[in-house]
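Each remark here refers to the structure printed beneath this line.
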Amino acid sequence: GDTVNLAARLQSLAEPGTVLLTEEVHRLVDGYVEDVDLGERNVKGKTEPVRVYRLDAVRGGVSRFQLAVQRGLTELVGRQPELERMEAAWAATRKGGCRAIDLSGDAGLGKSRLVHEFCERRVREQAVVLRAHCAPNARSTPFLPFAELVRNSFRISDDQGQDAVAARLARGLEILGAGTEDNVQYLLNLLGFAVGGDAFSKENAEVVGIRTRDLLILLIEERCRASEVLVVIEDLQWIDKASEALLARLLDEGRRLMAICTYRQPYAPPWAQAKN
């Protein structure tokens, strides 16, 4: 029908190696992609010109809520009891020990907005806030949300090359008292960069996993010694098994740390199952 015909016309207009979008598609993906308005084009079979956009890039790690934040949020109402319980947990954490807040509910219920409001308060207090998300297409990727925590903790952007990332990691690890070349290599490997040597061969994958897990625990411990720390991991229903086990260990060992986890049912984290 008309959709297929219009797609074929756009394909014929596109330069080799490019993708064109209609205005309707542009509105649907606005904020998730980088595109350029090419203006209106006359298209065979259409009485009116069609506005066309060229797709340049897809932005990684962008959520609907992040776009809503960029566009401006309305005042939060009706969540004062939940915020008070979270504030009470934060106050208890500051005195010592570990607290975990689970926010469970259907998509669109407002979990991310509640977390955002709470995190903004902690930022104003100059606490360390580390946030990460789980993705439905990456359940088989070990430590994926913790890789995002590392990126956020060391302020690493997606467009930085391996040398620049290695230098930033080395400086950050030195400040935290863990500045060894091996630790830099483990974090580079975690972030998806190519790391050579026999230590990172397939045969040693289990050892790499164990040492990466221990290093992540160490980094969070050092953060907790230096300041108050809030860790937020959203959409746990998509978490990989390695990250789930690491998070359970993190919450079980009594650090001065508060964690907020959001998820949709029927998923339930191990600590919630143990409590029940």
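The values are calculated or read from the model by the stated rules, or taken from the named source; none is laboratory data. Only a predicted model underlies this, so the values are computations on that prediction, with no experimental measurement involved. Ideal geometry is used to build each Cβ from the backbone, glycine not excepted, and the neighbour counts take in all protein chains shown. Areas reflect the complete protein model, heavy atoms only, side chains present, ligands, DNA and RNA absent. Shrake-Rupley method; radii C 1.70, N 1.55, O 1.52, S 1.80 Å.
With a point put 7 Å past each Cα toward its Cβ, work out how far Ala248 is from Ala8 in nm, to one decimal.
Those two pseudo-labels are separated by 5.5 nm.
So what is the relative contact order of region 226-276, in percent, for Cα pairs below 8 Å that sit 6 or more residues apart?
Details: 43 pairs, mean separation 27.2, N = 51.
It comes to 53 percent, rounded to a whole number.
By how many nm would the segment from Glu120 to Glu222 grow when fully extended, if each residue of separation counts as 0.36 nm and the alpha-carbon distance is taken off? All intermediate terms of the calculation are to be shown ahead of the outcome.
Numbers: separation 102, 0.36 × 102 = 36.72 nm, distance 2.26 nm.
Taking Glu120 through Glu222 to full extension adds about 34.5 nm, to one decimal.
Please report the antiparallel percentage of DSSP beta bridges with both residues in the chain, rounded to the nearest 5.
Taking every DSSP beta bridge within the chain, about 40 percent pair in antiparallel fashion.
Carbon-plus-sulfur fraction of the accessible area of region 177-270, 1.4 Å probe, in percent? Spell out each step's value before the answer.
Details: 2020 of 4300 Å².
Carbon with sulfur: 47 percent of the solvent-accessible area.
If we sort 234-244, 12-22 on the protection proxy, mean other Cβ atoms within 10 Å, highest first, what's the order? Kindly include the intermediate steps, with their values, before the conclusion.
Values: 234-244: 19.5, 12-22: 12.9.
Result, highest mean Cβ count within 10 Å first: 234-244, 12-22.
How would you classify region 105-247 from its alpha-carbon gyration tensor, with a ≥ b ≥ c the square roots of the eigenvalues: rounded for a/c under 1.5, else prolate if a/b is greater than b/c, otherwise oblate? Don't jump to the answer; show the numbers that get you there.
Numbers: a/c = 1.97, a/b = 1.33, b/c = 1.48.
Oblate shape, in that a/c is at least 1.5 and b/c is the bigger or equal ratio.
Testing the spin-label approximation: label points 7 Å from Cα along Cα→Cβ at Gln160 and Asn137. State their distance in nm.
Roughly 2.5 nm, to one decimal.
Would you please put 195-204, 129-138, 48-57 in order of how densely packed they are, using the mean number of other Cβ atoms within 10 angstrom per residue and starting with the highest? Walk me through the numbers on the way to the answer.
On the way: 195-204: 11.1, 129-138: 17.0, 48-57: 14.5.
Packing order, densest peptide first, comes out as 129-138, 48-57, 195-204.
Around Ala199, with a cut-off of 14 angstrom between Cβ atoms, what is the net charge of the other residues, counting Lys and Arg +1 and Asp and Glu -1? Provide the component values of the computation, followed by the final result.
On the way: positive: Lys202, Arg211; negative: Glu181, Asp182, Asp198, Glu203, Glu206.
It works out to a net charge of -3.
Keeping every protein chain in place, order Arg139, Arg85 by accessible area at 1.4 Å, biggest value first, i.e. largest first. Write down the numbers at each step before the final one.
On the way: Arg139 130, Arg85 185 Å².
From most exposed to least exposed: Arg85, Arg139.
Using a probe radius of 1.4 Å on heavy atoms only, what accessible surface per residue do you get for the chain? Whole Å² is fine. Mind dumping the intermediate values first?
Numbers: 15990 Å² over 276 residues.
On a per-residue basis, the chain sits at 58 Å².
What figure, in Å² to the nearest 10, do you get for the accessible area of Val29 with a 1.4 Å probe and non-protein molecules left out?
40
How many nm separate the modelled label positions at Arg41 and Arg54, each set 7 Å beyond the Cα in the direction of the Cβ?
In this crude label model, Arg41 to Arg54 measures out at 1.0 nm.
Please tell me the relative contact order of the chain in percent, rounded to the nearest whole number, where contacts are Cα pairs under 8 Å and at least six residues apart. Can you show the working numbers first?
On the way: 325 pairs, mean separation 59.3, N = 276.
That works out to 21 percent.
Which far-off residues, 5 or more places away or on another chain, put their amide H under 5 Å from the one on Ala259, with H placed in the peptide plane?
So Ala259 has HN proximity to Arg99, Ala100, Ile101, Val231.
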